[in-house]
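J.: Got a structure here, written out as structure tokens. Questions coming.
The values are calculated or read from the model by the stated rules, or taken from the named source; none is laboratory data. What you see is a predicted model, and the numbers here were worked out from it, not measured in a lab. Here the Cβ positions follow ideal geometry from the backbone for every residue, glycine too, while neighbour counts run over all protein chains shown. Quick note on the areas: whole protein, heavy atoms, side chains included, nothing else; ligands and nucleic acids left out. Shrake-Rupley method; radii C 1.70, N 1.55, O 1.52, S 1.80 Å.
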Amino acid sequence: MTDKKTNPLWNILRSVKLTLILLSILAVVSIIGTIIQQQEGAGIYHSIWFRMIIFFLSFNLIVCSIDRFPATLKLFRLTPSPDRSKVFEEDAPRTILLSNVDVEQVSSGIQEYLRGRFRNLVIKDNGNAAFLYCEKGRFSLFSVYLVHLSVLFILTGAIIGSIFGFNGYVNIPEGEAIDSITVTKGALESHKGLGFSVYCEKFHVDYYDNGTPKEYRSDLGFIVNGKEVLKGSLLVNHPIKFMGVTFYQSSYGTVPGDKIRIKIINDEKGAEETMIEAELGKSAMLPDNKGELTISDIRDNFMNLGPAALVVIKSPEGEATSIWLFKDRDTIMKSYSDMFELSPKFNPSVYKPFTFSIDDIGSVPYTGLQVARDPGVQFVFIGFIMIIAGLVLTFFTSHRKFWIRIADEKGDVKISLAGMANKNPVGMDRDLDRLLLNLKKTTGKWRPND
Amino acid sequence: MINTVILSYITFIYFFCFLAYLILLVTGRQMFGRIATILTITGVAGHTIGIGFRWVESYKLGIGHAPLSNLYESLIFFSWSIIMLYILVEKRTRNKSIGAFVTPLAFLSLAYASFSDNIKDGIQPLVPALQSNWLTAHVITCFFGYAAFALSFGMSLMYFSKMSETPDNNNVFLNLIPGLNVLDELSYQMVVIGFLLLTLGIITGSVWAHSAWGSYWSWDPKETWSLVTWLVYASLLHARLIRGWKGKRPAIFSVIGFLCVLFTYFGVNYLSSLHSYDF
């Protein structure tokens, strides 16, 4: 212990000054994070050095606890001697004076009163006076450790979650199933197989009369090895947990469906317009039997230029031409005016004499799910309960020690009352006043003269 | 709607409360203290009725929910919490001078809710994310916590003015303010209550976020600022309980803490946030 006390590093690590400095740094860096967050995402909070601050704070907390715990334990084990005289030297001593009573009788009467209401009653009689000691709230000495332990629980839960858990998202179009999700870690994204499939039967949105959304609901099925094991409706605030993975309703939208309507302009026949409808993977004849068109791909967002479809046109001679058709061609033209001439792959007029464009891509609603697994969350929630219990005990209970002296004073019996608490002296005073009042009531019975 | 009319009248009552407490402090005449207390109790009774009406009206509209769901309703509840807590403090301390420093905060909050053009006072239905029992628990704990910090802030301002008192002073104003030690202790008690409630508020919000989005903490600006506020008051408590800070320094910290509360409440709306009241 002695070398610990002189070790300058230990002295720094155990100081509350360091705690205050670290708390301030953490606060300032967090503030900076909220200001730059708009540009850079929540990156700062996942950076190594932000974690270092939290690590140092936890370390400081642990060292402080190790440093102080033995003293607390000593206090906890110690029962003060009942015959102290110093505690009774108060400015306004609390006393009761009784005449014509027996010291023994008063003493045993008071003992009987104290028993059951207080703990650790200790009695000492030195011939001249009887000394009683009792107390309450001894366990309150540990309450601050409970608070600090709870912080460590929460941080441990966070670490477990970030190592063994994941957080991601997935969009499931109506009528489709997925078996993998996109996992996000900071700014990084990766794919992750689930080991089972999730099927979205339907996605509903309900509205209030004024048009604000009332309910988002996905009717999901969970499929393992081709068999539907669980069916359920997923709502906001009502997640569904399946095989350790929890699904949350988080967004919705539409994706292009399988059907597409293509407008064909015949440049030779005075811009004659024809519409043909085709399905993904299926073929349709071009006007005047001038070839056959097949939709071979439909993309939701191709090259970041919005919905697009890949059509393959087979000429009557058997020659194939592939063209990407963009739905938002007019808007793209505004930014990249020459884009459709650059490559024949993007040129909608490359197959003479026609010019192709997408008139409509059918859309299918999808549900956007947040998907997470967090094995650390139990620790965090236990930490939450501990911190509340710890704070309540820390602030609203204290170790209160009471001394009572029953002495003979010129034929009368004088009862003196004193007390000490490790915190909240105002509450201690109130307790002593209450005890005095109650002792007066109790001893009133033995006052034949009053 | 009748509730917004009632609540806008309560704004004026709170202004008169403030005036009455102020006149009490300036003149030292107890009569004004009695008037102030009666006005405050009348005000909070009307305030409670206004909130109750709003609650009932939401059910009549078929979108029933506790009136704790948007900026308007939160300001109304914040103001109500401040006054309720203040009445308890006045009852316990039997000192009315604190009212002059606290009622203006309740007045300002209500005035902002009632008379700002930016604040929609209509009863809105709850969007899916807000349809949770955690909403009520989260808002009540947070705003009672904020109210306790507001009281501590008021007491800290009183502490600074009391510090200018000289031993031979005959200033009625300063004479009526409680002694430095009493202010210090009261302010500390408010911080303790506020800290406990803020902790509960953060926790309820966190548990709610976990069931709504699958993440109990996502460093959203409002979350982060609530953590900053928590850290400021945590520092104050450590400094006081372990390093024995008393008086001026805790008072300064309490002011800084309350500024953080205000930023958490209002300032964050200028940063992008899940909590930006109109999602």
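J.: Accessible surface of A:M333 in the full protein assembly, 1.4 angstrom probe, to the nearest 10 Å²?
T.: Its accessible surface works out to 70 Å², give or take rounding.
J.: Let me ask something else. In terms of the Cα gyration tensor, with a ≥ b ≥ c the square roots of its eigenvalues, is the range B:1-151 rounded because a/c is under 1.5, prolate because a/b exceeds b/c, or oblate? Don't skip to the end; give the middle numbers.
T.: Details: a/c = 2.48, a/b = 1.92, b/c = 1.29.
Since a/c reaches 1.5 and a/b is larger than b/c, the shape of the range B:1-151 is classed as prolate.
J.: Related question: Rounded to the nearest 500, what is the 222 nm mean residue ellipticity of chain B from helices alone, with -39500 (n - 2.57) per DSSP H run of 4+ residues and division by all residues?
T.: Values: 9 runs with 206 residues, N = 279.
Calculated mean residue ellipticity at 222 nm is -26000 deg cm²/dmol.
J.: Given the pairs A:K269/A:K334; A:K440/B:K91; A:K202/A:K259; A:K263/A:K290; B:K91/B:K248, which span a C-alpha to C-alpha distance of over 21 angstrom in this model?
T.: As for pairs spanning more than 21 Å Cα to Cα, those are A:K269/A:K334; A:K440/B:K91; B:K91/B:K248.
J.: Just to check I understand the Karplus step: with θ = phi - 60° and J = 6.51 cos²θ - 1.76 cosθ + 1.60, what whole-Hz values come out for the range A:189-201, glycine and proline as x?
T.: So the J values, rounded to whole Hz, are 10, 8, 9, 9, x, 9, x, 8, 10, 10, 10, 9, 6.
J.: Here's something else I'd like to know. Take the Cα of A:D209, step 7 Å along the line toward its Cβ, and report every residue of the range B:106-144 whose backbone nitrogen sits under 18 Å from that point.
T.: B:122-127
J.: Rounded to the nearest 20 debye, what is the charge dipole size of the protein assembly as shown about its Cα centre when +1 sits on each Lys and Arg Cβ and -1 on each Asp and Glu Cβ?
T.: Working: 67 positive and 61 negative charges, 851 e Å.
Charge dipole, the protein assembly as shown, about its Cα centre: 4080 debye, nearest 20.
J.: Nearest 10 degrees, 0 to 90: what angle lies between the long axis of helix A:16-40 and the longest principal axis of chain A (Cα atoms)?
T.: 20 degrees
J.: Tell me the angle of helix B:2-27 to the major Cα principal axis of chain B, expressed in degrees between 0 and 90 and rounded to the nearest ten.
T.: Here the helix axis deviates by roughly 10 degrees.
J.: Provide the FRET efficiency to the nearest 0.05 for the A:M243-A:S108 pair, computing r from the beta carbons and using R0 = 56 Å.
T.: Details: r = 67 Å, r/R0 = 1.20.
Between A:M243 and A:S108 the formula returns 0.25.
J.: Run the helix sum for chain A: -39,500 (n - 2.57) per DSSP H stretch of 4+ residues, divided by residue count, reported at 222 nm to the nearest 500 deg cm²/dmol. Could you put the intermediate results ahead of the total?
T.: Numbers: 10 runs with 151 residues, N = 450.
Only helices count here, giving -11000 deg cm²/dmol.
J.: Moving on. Taking 8 Å as the Cα distance limit and 6 or more residues as the minimum spacing, I'd like the relative contact order of chain B as a percentage. Provide the component values of the computation, followed by the final result.
T.: Details: 368 pairs, mean separation 51.8, N = 279.
Reported as a whole number, the value is 19 percent.
J.: I want to verify a result. In a Gaussian network model of chain B, Cα cutoff 10 Å, which of these has the top mean-square fluctuation: B:G145, B:G50, B:G122?
T.: Maximum among the listed residues: B:G122.
J.: Another one. Using a Förster distance of 60 Å, how high is the FRET efficiency between A:S349 and A:I36, based on the Cβ-Cβ distance and rounded to 0.05? Walk me through the intermediate numbers first.
T.: Details: r = 48 Å, r/R0 = 0.80.
Efficiency at R0 = 60 Å is approximately 0.80.
J.: What does the buried accessible surface come to for A and B, summed over both chains, with the probe at 1.4 Å? Round to 100 Å². Present the calculation step by step, with values, prior to reporting the outcome.
T.: Numbers: alone 26390 and 13330 Å², together 35840 Å².
Buried: approximately 3900 Å² between B and A.
J.: Taking a probe of 1.4 Å, how large is the accessible area per residue of chain B, in Å²? Let's see the in-between values first.
T.: Values: 11400 Å² over 279 residues.
I get 41 Å² per residue for this part.
J.: Sticking with this structure for a sec: I need the phi-derived Karplus couplings for the range A:287-295: 6.51 cos²θ - 1.76 cosθ + 1.60, θ = phi - 60°, integer Hz, Gly and Pro marked x.
T.: x, 6, 6, 8, x, 10, 10, 10, 8
J.: Sticking with this one: Can you tell me which of B:N269, B:N70, B:N169 moves the most in a GNM of chain B? Springs connect C-alpha atoms under 10 Å apart.
T.: B:N169
J.: Also, quick follow-up: Once the Cα atoms of the protein assembly as shown are picked out, what are the Rg and Dmax in Å?
T.: 35.5, 133
J.: Give me a comma-separated list of calculated 3J(HN,Hα) values for the range B:144-151, in order, Karplus coefficients 6.51, -1.76, 1.60 applied at θ = phi - 60°, integers in Hz, x for any Gly or Pro.
T.: The phi angles translate into 5, x, 4, 4, 4, 5, 4, 5 Hz.
J.: In nanometres, what is the gap between the two model label sites at A:R261 and A:K124, each 7 Å from Cα along Cα-to-Cβ?
T.: My value for the distance between the label points is 10.0 nm.
J.: Given a Förster distance of 41 angstrom, what is the FRET efficiency for B:D168 paired with B:V255, based on the Cβ-Cβ distance and rounded to 0.05? Don't skip to the end; give the middle numbers.
T.: Details: r = 29 Å, r/R0 = 0.70.
For B:D168 and B:V255, the calculated efficiency is 0.90.
J.: What relative contact order, as a whole-number percentage, does the range B:193-279 give when Cα pairs under 8 Å and 6 or more residues apart are counted?
T.: Numbers: 59 pairs, mean separation 26.9, N = 87.
Across the range B:193-279, relative contact order equals 31 percent.
J.: Mind checking which of B:L197, B:S235, B:W225 is farthest towards the positive end of the range B:194-255's charge dipole, using Cβ charges of +1 (Lys, Arg) and -1 (Asp, Glu) about the Cα centre?
T.: B:S235
J.: Continuing with the same structure: Share of the protein assembly as shown's accessible area from carbon and sulfur, percent, 1.4 Å? Could the numbers behind the result be given before it?
T.: Details: 21230 of 35840 Å².
Ligands and nucleic acids excluded, carbon and sulfur reach 59 percent.
J.: Quick one: helix A:377-396 against the long Cα principal axis of chain A, what's the angle to the nearest 10°, folded into 0 to 90?
T.: That helix lies at roughly 30 degrees to the long axis.
J.: Could you identify which residue out of B:I51, B:I119, B:I202 has the top mean-square fluctuation in a GNM of chain B using Cα springs shorter than 10 Å?
T.: Of the options given, B:I119 has the highest mean-square fluctuation.
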